[in-house]
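A quick write-up on the structure given underneath.
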Amino acid sequence: MKNSGSNENSLLRIENASISFGGVKAVRDVSFEVQKGAIQALIGPNGAGKTTLFNLITGVFPLDSGHIYFQGQDAAKRKNFQRVSMGIARTFQNVELFTGMTVLENVMVGQHVRTKTGFLGAIARLPKSRREEAEIREKAMHWLKFVGLDHAADSRAGDLAFGWQRSVEIARALASEPQLLLLDEPAAGLNANETGQLGDLMRQIRDLGVTLLLVEHDMSLTMEISDRIVVLDQGAKLSEGAPREVQADEKVIAAYLGT
Amino acid sequence: MMQELLQYLFGGITNGAIYAVIALGFSTLYSATDLINFAQGEFVMLGALLLVTLWLNLGLPLPLAFVLVVLAVGLAGIIFERLAIRTVSKPDPIVLVIITVGASIFLRGLGMVGWGRDPLAIPSFFKLDSIEIAGAYLLPQSLFIVITVTILVAALTFFYKKTLTGKAMSACAINKKAASLLGIGTERMTLMAFALATGLGAVAGVMIAPITMATYDMGSMLGLKGFCAAMLGGLGSLWGALIGGLLLGIAEALGVGFVSSGLKDAIAFLLLLLILYIRPTGILGAKSSHRF
Amino acid sequence: MKAGKMKTLATLAVCIVLAGLVFAPGAFAKDTYKIGGIFSVTGGASFLGAPEKMSMQMVVDQINAAGGIDGHMLEAVIYDTKGDPTEAVNFANKLINKDRVLAIVGPSTTPTTMAVIPLCVRARLPLISCAAGNGIVNPIQPYVFKTAQSDIQAVATIYAYMKEQGMKKIAILCVDNGFGASGAVQLREQAAKFGLEVVSDESYGGKDTDMTAQLTKARKAAPDALVCWGTNPGPAVVAKNAQQLKLDFPLFMSHGVASPKFIDIAGDACEGIMLPTGAVLIADTLAADYHQKAALDKYISDYKNAYNAGVSGFGGYAYDAMKILEIALKGTNGDKAKIRDNIEAIQGYIGVTGTFNFSPTEHNGLGADSFLMVEIADGTWKVMK
Amino acid sequence: MNENWFDAMKQSWKKGLAFFVFAGVIFFAGLFLDNYFYQQQLTFIGIFTLLAVGLNMLMGYAGQISLGHAAFYGIGAYTTGALTVHLGWSPWASLPCALAASGIIAYIVGKPTLKLSGYYLGMGTLGFGMIMHVLFREWGSITGGPNGLVGIPSLSLWGIDLSTGRNYLWVVWGCVLITFFICDRLVNSRVGRALRAIHFSEQAASAVGVDTAKAKLQVFVFSAIIAALAGFLYAHLVMFISPGSFNFLVSVKLVAMVVIGGMASIWGALLGSTLLTMLPEWLHAFSDYEMVIYGGILMGVMIFLPQGLTRGVLDIYEKFRIERKQPAKD
């Protein structure tokens, strides 16, 4: 087994990750690293395998072959919910909120891995769990304030406008106190104004010390905000580098124009 | 020993053929709409009871009665889809399960009001003696059912693979949105699938009535066993329905023969649980991930 | 806050609705004798419950038409258990405590009867069950009676005949419900007494559609005869399967299929089948001086006049129960303990099912005459020997 | 933040009051209801409310259907029945065994079954229920077979006969009250939120770190234990049990209670069980049409008020209020 990292600063390291569905290789031998404190983007044409890669990192699917190291630990061995407690949080392309619960409750669920009260504890409701419950509520309000939605705390999540739902999802992910936050097309369906606010929010999140990995189709946002970009095409890594390098890469241009 | 084994097999085939023809209805509906109709058994019951009325009470010739029964039950299926399925404001599986369970109680009630509580006898379609093979006996009616089911399966396969409507129906099942973008009316397809599935239920009812007799409460257990058969063969697979039905019937007969007759009903459900746990796509089902 | 208010409102609404439901008013009239009836009018045992309900209603109407009992009109309050013991308990309870009946006729099946017995015992209310199970009157409970023949007599009748014919080995095939289970117990227990050996012991499900597997297994044991214990439609399927398999030993059935319906649905497959039955089935073939003849003819013609339908032995259980109550109610002025005592004192009452002789140690009261062996021949019943 | 805390306090105070009022209603109902019929009717409603509340935790909150719940009800009843009748145990000694048996079986069965979803879960639980029913019927030496188990003793405690109508009513509704209380605490806790999260999106729930398999299994076991408690109470009330009380139709009836009353609502389960326990009595007048009406009601409620009566009526009320408010705003 390789040592935890050539680079002290590496948070997530993917080595030769592969998976196929029914004979189709959705992700082929992809390797890259994500540095602590960075905003890194994953781009590529439709069907390039970006969301699949997200699902591999978060453990929705098991790897066919390859490794995923998170903070030097072998993440591939953990189940999806265990990876959250390791410090990996995510949002979904189509926004997956608990629609029938309030906005506040959504964010409260986000703290699941950082809290302890179990079945019996909930029934007994000892002072310890009372205290924890109050803390959960307080922290959830804090994260709602952070994304600017504290005023909507008691609304049903499913009733919110789409842009707000996205923010709730981000707040919910942040509530698990992640090291790494995976955002799957966070700007999809947002207008220009909202996209601008989203960029600001992402920088604020980075400033909290959370590393960001995003899949995004909005190129201007991606180029503006990312420190580093990995380009995928048909399941394989095509190119990697700073935004400018990637923009200049002929293979990338060909892949985008070709499809 | 051989003779017994063969007789168990024949008994199994009789029951299995019944399960298979009911399973066919489940699979047809599921392959087109991704829906499971818990009232399928009650449409079988309607088929059997209507046959009593048309053939025995009104004296229509058997083939005509057969056709009329299938049409009438198919129509009932259409009405059911229109009134109870399409109007659902929240098509969750839980909601649909309960609606179809409600429908099964409703239809059973109608059956009781309309035809009374007593079982009604239906003579065999063939005035033939049972067929003897190596000391074991098989009913002509069972043979008739097996052959009819095979023909039905072949015809339905042809319908799905070769005809435009059939292809459109299977397209709907795979992806409703895409299908509607291609200009396929998904609502009409669902309606057709219901008519087809309930019509098949009626065919089942007509064919099995001489063996099982017709009662208002005959449908529930048959429906459940038919579902087990469909799952066993692979829900949505037509040939799977046939194989699953026969397999279940034979397993039950062998269970009675070699284990205990009291546990017979448990066999179907044990098999169901096993298949759900180990290979939920069934014996012939394609390996698909999206449904689980 | 909004949610909280809504919840309070909802709670309040729920409470009010519930209160309304539970305290729905019930009417009761004075000076009529109320008699309760609990039958499985729908559900799996409806073939029992439906004729029982009609027979009971018929007797009540007749009594009222004749001026009631000691001037008191009768009122039948009849509920349908659907064969569910929980509902039987609920309705028995309602009859006892809300309708305040003087006695209960029914329930139709053994499990539903067993479920209501504790209630009637506690309330000291006479119960005349129409179910077959021997456990109902054994051990004797002071307030519990029954009019249906018990399995003991049915089995004994069959076995006596078999012994006469010199049979040694028998196969049994019983339905897996209460009726079949208590039949199976008697079949097993009494065999030795008649010099019989049970060589095959199988069961089948009430809704099974093919019993060839069980029959094949039975055939393997080479019995002298097969006894099938069940109620329609299972035995009809057994008969058909036996015909299909060309079994070479005779088939016996229980009194559970003793109705014209059986011949109707089993068709020519039931030729040669033998079974014990009450005399009601063969009333028209009985000699004019047969002791039950008058009672049977009256029941059959009354039933035909009232419902334009043929009778079965099952309706007769409720008919007899009501007739016994009619006798027992006289001179009691509605005192339940007296009614009970009166039932125990009934001797030699000739009913549809048989002759009843009750006593403090006998709460079924039926003698050997409650069963006759019949054979099905040419689509009808023939008394044997 | 302060205001929030205040709201929370106010809400929990209101909830406390609701419980208090509810407990009072039951106490006085028992006190003033002299007729044994009404007492026992209420007792039955209580038993079914227990079952519905337990199932509601599974169906309404965690979103997992069970079409075989009568099996756990039966396991509770038969365990205590067998232990008291065959071995002569005191009911109080058999109670923990009944609860444990049901919980353990639920754990074993739930582990593979709860991996299924939607129709498949429905069918899997249905299959389990069927198998248990066959077992109740066939295992005659223990269960008494199809004719049932007689001679189950009634309850008494410290010399007090609990089997009188009034006392049993209080025992059963006391259990209901405690269960309500426990469920309410569960629902409004970290565990309950996770369960509801699974209901709305299992994918998202595991993405925020909820061990969905464990959570579902826990609530399955929990509801099985409550069902066993109901079974225990039923067995010692009726003093007789037979397979007919724990079959598929009963499972369907339980599901119907939950969905008609209202999913994800403790009070809805109360309403549902009351309605469906009383329904046979009202439908009595329709005799032969009873089944038709029953099935029709089931379908109608699901088509028009898929959230059940309580939620559905509240939603309509809310909509009405918003509509009335709207013009005033403009």
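The values are calculated or read from the model by the stated rules, or taken from the named source; none is laboratory data. Please read these numbers as outputs of a predicted model, since none were measured by experiment. In this analysis, Cβ positions are derived from the backbone assuming ideal geometry, glycine residues included, and neighbour counts consider all displayed protein chains. Remember, those area values only see protein heavy atoms, side chains included, never the ligands or the DNA or RNA. Shrake-Rupley method; radii C 1.70, N 1.55, O 1.52, S 1.80 Å.
A few remarks follow.
- Among the residues of segment A:58-74, some residue qualifies, meaning at least one is touching a Leu at 6+ places or on another chain (Cβ under 9 Å) and of a type in the set (Ser, Thr, Tyr).
- In segment D:120-141 there is no residue that is in contact (Cβ under 8 Å) with a residue 60 or more places away in the chain and either open to solvent by 60 Å² or more (accessible area, probe 1.4 Å) or within 14 Å of chain A (Cβ to nearest Cβ) (or both).
- Of all residues making up segment B:126-151, the number that are open to solvent by less than 40 Å² (accessible area, probe 1.4 Å), in contact (Cβ under 8 Å) with a residue 24 or more places away in the chain and on the phi < 0 side of the Ramachandran plot: 9
- Condition check for A:Trp143: open to solvent by 30 Å² or more (accessible area, probe 1.4 Å), part of a helix (DSSP H, G or I), at pLDDT 90 or above and under 17 Å from A:Thr102 (Cβ atoms): yes
- Count of residues meeting criterion [small (Gly, Ala, Ser) and either touching a helix residue (DSSP H, G or I) at 6+ places or on another chain (Cβ under 6 Å) or buried (at least 20 other Cβ atoms within 10 Å of the Cβ) (or both)] in segment D:267-314: 7
- Helices (runs of 4 or more DSSP H) wholly inside segment C:160-258 containing at least 1 residues that are of a type in the set (Phe, Trp, Tyr) and closer than 28 Å to B:Gly226 by Cβ: C:178-191
Residues are listed down the side, and each one gets a yes or a no for (1) within 7 Å of chain D (Cβ to nearest Cβ); (2) assigned to a helix (DSSP H, G or I); (3) buried (at least 22 other Cβ atoms within 10 Å of the Cβ):
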| position | (1), (2), (3) |
| --- | --- |
| B:Ala84 | yes, yes, no |
| B:Lys90 | yes, no, no |
| B:Ile94 | yes, yes, yes |
| B:Val101 | yes, yes, yes |
| B:Phe106 | yes, yes, yes |
| B:Leu110 | yes, yes, no |
| B:Gly114 | no, yes, no |
| B:Arg117 | no, no, no |
| B:Pro123 | no, no, no |
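One line per residue, one yes/no per condition, for (1) aliphatic (A, V, I, L, M); (2) at negative phi; (3) within 18 Å of the chain's Cα centre (by Cα):
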{"site": "A:Lys128", "(1), (2), (3)": "no, yes, no"}
{"site": "A:Arg131", "(1), (2), (3)": "no, yes, no"}
{"site": "A:Ile136", "(1), (2), (3)": "yes, yes, no"}
{"site": "A:Lys139", "(1), (2), (3)": "no, yes, no"}
{"site": "A:Leu149", "(1), (2), (3)": "yes, yes, no"}
{"site": "A:Arg172", "(1), (2), (3)": "no, yes, yes"}
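- When segment D:171-193 is limited to residues that are crowded, with 21+ Cβ neighbours inside 10 Å and either away from chain A (no Cβ under 14 Å) or acidic (Asp, Glu) (or both), the one that is nearest to A:Phe119 (Cα to Cα) turns out to be D:Val176.
- Whether a residue is surrounded by 22 or more Cβ atoms within 10 Å (Cβ to Cβ), under 22 Å from A:Arg203 (Cα atoms) and within 10 Å of chain D (Cβ to nearest Cβ) was assessed, and A:Arg90 passes this test.
- Checklist (1) surrounded by fewer than 24 Cβ atoms within 10 Å (Cβ to Cβ); (2) without any contact (Cβ under 8 Å) to a residue 24 or more places away in the chain; (3) in the same structural domain as C:Arg219 (by TED's automatic domain parsing); (4) not β-branched (Val, Ile, Thr) applied to C:Asn138, failing item: (3)
- Pairs meeting the criteria (first residue in segment A:165-188 and over 20 Å from D:Gly209 (Cβ atoms), second residue part of a strand (DSSP E or B) and β-branched (Val, Ile, Thr), beta carbons under 7 Å, at least 6 apart or on different chains) are A:Glu185/A:Val215.
- When residues of segment C:236-291 are limited to those that are of a type in the set (Phe, Trp, Tyr) and open to solvent by less than 50 Å² (accessible area, probe 1.4 Å), the one modelled with the lowest pLDDT: C:Phe262
- Residues being in a loop (DSSP other than H, G, I, E, B) and either among the aromatic types (Phe, Trp, Tyr) or within 23 Å of B:Asp265 (Cα to Cα) (or both) - total across segment D:235-279: 2
- Annotation: B:Gly59 fulfils all but one of (1) among the small types (Gly, Ala, Ser); (2) at pLDDT 90 or above; (3) not in a helix (DSSP H, G or I); the unmet one is (2).
- All conditions in (1) in contact with a strand residue (DSSP E or B) (Cβ under 7 Å, 6 or more places away or on another chain); (2) open to solvent by less than 10 Å² (accessible area, probe 1.4 Å) hold for D:Ala205, with the sole exception of (1).
- The single condition among (1) facing another protein chain (nearest Cβ under 10 Å); (2) open to solvent by 40 Å² or more (accessible area, probe 1.4 Å); (3) outside any loop (DSSP other than H, G, I, E, B) that B:Phe66 does not meet is (1).
- Pair list, Cβ < 7 Å and 6+ apart or interchain, from segment C:276-291 residues that are in contact (Cβ under 8 Å) with a residue 40 or more places away in the chain to residues that are of a type in the set (S, T, N, Q) and open to solvent by 10 Å² or more (accessible area, probe 1.4 Å): C:Pro276/C:Thr157
- Consider segment A:112-133 and keep the residues that are more than 8 Å from every other protein chain (Cβ to nearest Cβ) and over 22 Å from D:Ala205 (Cβ atoms). The one that is surrounded by the fewest Cβ atoms within 10 Å (Cβ to Cβ) is A:Pro127.
- Segment B:254-263 - residue that is more than 14 Å from C:Lys220 (Cβ to Cβ) and open to solvent by less than 10 Å² (accessible area, probe 1.4 Å) and, of those, farthest from the other protein chains (Cβ to nearest Cβ): B:Gly255
- For segment C:100-128, the set of residues classified as open to solvent by less than 20 Å² (accessible area, probe 1.4 Å), touching a residue at least 40 places away in the same chain (Cβ under 8 Å) and more than 7 Å from chain D (Cβ to nearest Cβ) consists of C:Val101, C:Ala103, C:Ile104, C:Val105, C:Gly106, C:Pro107, C:Ser108, C:Thr112, C:Val116, C:Leu125, C:Pro126, C:Ile128, listed by residue number.
- Pick from segment D:148-166, criterion open to solvent by 30 Å² or more (accessible area, probe 1.4 Å) and touching a residue at least 40 places away in the same chain (Cβ under 8 Å), ranking: farthest from the other protein chains (Cβ to nearest Cβ): D:Leu157
- Check on A:Phe81, open to solvent by less than 10 Å² (accessible area, probe 1.4 Å), in the same structural domain as A:Thr51 (by the TED database) and within 21 Å of A:Phe54 (Cα to Cα): no
- Top-ranked residue in segment C:72-89 [being more than 9 Å from chain D (Cβ to nearest Cβ) and among the aliphatic types (A, V, I, L, M); ranked as most open to solvent (accessible area, probe 1.4 Å)]: C:Met73
- Filter result (more than 9 Å from chain C (Cβ to nearest Cβ) and aromatic (Phe, Trp, Tyr)) within segment D:18-56: D:Phe19, D:Phe20, D:Phe27, D:Phe28, D:Phe32, D:Phe48
- Test result for C:Ala148, away from chain B (no Cβ under 14 Å), farther than 30 Å from B:Pro210 by Cα, surrounded by fewer than 24 Cβ atoms within 10 Å (Cβ to Cβ) and within 23 Å of the chain's Cα centre (by Cα): no
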